[in-house]
Amino acid sequence: MVDQEAHVGLPILDLSDANDPVKHTALLDQLHDALFNIGFLYIKNHGVAEETISNLASLLPVLFEQPPEAKASLSKLNSPHFLGYSGYAEETTLGEKDLREQFDLATELPVVWSPSANSTSQDRESKSKRDFSKLYWRLRGPNQWPSEGNVPGFRKAYTEYHDALQELSYRFVHLIEEAFGIPVGTFDAFFPSPKSVDAAGHKYVPPQHRIKLVKYPPSPSSGGDEHDQGVGAHKDSSGWLTLLYQVGQEEGLEVHVNGEWISAPPIDGTFVVNFGNAFEVATEGAVKATVHRVKAPMSISNARYSIPFFQGLPLDLTVSEIRSCIPESVRKLRRSVKLGPSESVSTFLDPRWDSLGESQLRKWIRSHEDVGRKWYGDDVSKFYLE
Ligand SMILES: O=C(O)CCC(=O)C(=O)O
Ligand SMILES: [Fe+2]
């Protein structure tokens, strides 16, 4: 058997070490290094059942092979929440088409946005004051589900996967708190469970995590050293951290570390972990939202499938609130590094707004202008497209 781990230039952390009193400290040291020096890592023995993963992964070919009219009926254009299907090469990064198809899904949640709500209304969910007339709350809402007849068992497999990844992401955040040397549970306020919010006093509503189901078909003009763009160089901006499952053995993911592109191939039984813009902003750059890209598979290769889970954060979270949880001891670990391709100051920091929700709305309108114009109007879209 080929040792898949031997040639990988990124750290691989064994999460089962968290339960071993002897190995626990070494695991935290490894995590500290991965957080502050690389911003990308693999995790193995992560506790998510193999069956939970394979039940969803095995449905991806069926999901993407639905007839074109079935996929079109799930178009993102139907959804003010930017949830649903986008066809091959409909998205662009760095001004170039991304050669992939995708279904965007999320935590299944009802609509909360209400144009007539105002800042003095009581929030039914948390009993605290919250202004649900803010446009960014419209990002939150339910999924568009493929029909059971077309993709049997999809909703069940997706929901089990979502719940398992949510649990893993919360467990991983606790390890990060330990690696930061801050009390375990410091960030729990960002992730209240829907069951506990009735108990009043919650500062935030439960977040909506997002899961993309992605297919990169073989690209006719990819071959030799020439690869087309599967997805262009970017930082993740959809949440706090990303847990990526790479289905099968097709390579393509590359990570920009210390000025070089290094490959992050699939390794059986692992997830790849990286951090979003909000994490970088919260730590004032001490933990990087590392730039990455995906090369389209070569013309003679198989399609590549992947499933990134983007851990959500409350949309009304502000930069100052998020920073107040991070001690100076963490922020001072910031290194001065040269900016790589497409690296820029996060839009979360734009002085025109302070909430994560607005930076998310901007991001979604910019990547799906047609959806933005349809549901948010030309004036709002123009403002965020500038
Ligand atoms: O498909 C992959 O491996 C990564 C996709 C990705 O980086 C993204 O969707 O943000
Ligand atoms: Fe990404």
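Values quoted throughout were computed directly from the atomic coordinates according to the rules given, and no laboratory measurement underlies them. For clarity, every value in this text was computed on a predicted model and none was experimentally measured. Cβ sites come from the backbone with ideal geometry, for glycine too, and all protein chains shown count toward neighbours.
Summed over the stretch 1-39, the residues that are part of a helix (DSSP H, G or I) and not polar (S, T, N, Q) give a count of 15. Considering only residues in the stretch 304-325 that are touching a Leu at 6+ places or on another chain (Cβ under 9 Å) and not in a strand (DSSP E or B), the one that is farthest from residue 361 (Cα to Cα) turns out to be 322.
Of all residues in the stretch 245-258, those that are more than 9 Å from ligand 1 (Cβ to nearest atom) and touching a Gly at 6+ places or on another chain (Cβ under 7 Å) total 1.
Which of the residues spanning the stretch 47-85 are in a loop (DSSP other than H, G, I, E, B) and within 30 Å of residue 19 (Cβ to Cβ)? Result: 47, 48, 49, 58. Taking residue 263, is it more than 21 Å from residue 11 (Cα to Cα) and of a type in the set (S, T, N, Q)? Considered against the rule, which asks whether it is more than 21 Å from residue 11 (Cα to Cα) and of a type in the set (S, T, N, Q), residue 263 comes out as no.
Of the candidates 303, 278, 282, the single residue that is of a type outside the set (Phe, Trp, Tyr) and in contact with a strand residue (DSSP E or B) (Cβ under 7 Å, 6 or more places away or on another chain) is 303.
Each row is one residue, and each column tells you yes or no for (1) more than 16 Å from ligand 1 (Cβ to nearest atom); (2) free of Cβ contacts under 8 Å to residues at least 40 places away in the same chain.
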position: 289; (1), (2): no, no
position: 293; (1), (2): no, no
position: 302; (1), (2): no, no
position: 309; (1), (2): no, no
position: 312; (1), (2): no, no
position: 315; (1), (2): yes, no
position: 318; (1), (2): yes, yes
position: 324; (1), (2): yes, yes
position: 329; (1), (2): yes, no
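Suppose we keep only residues that are hydroxyl-bearing (Ser, Thr, Tyr) and buried (at least 19 other Cβ atoms within 10 Å of the Cβ) within the stretch 199-244. Which one would you say is farthest from ligand 1 (Cβ to nearest atom)?
Residue satisfying both the conditions and the ranking: 204.
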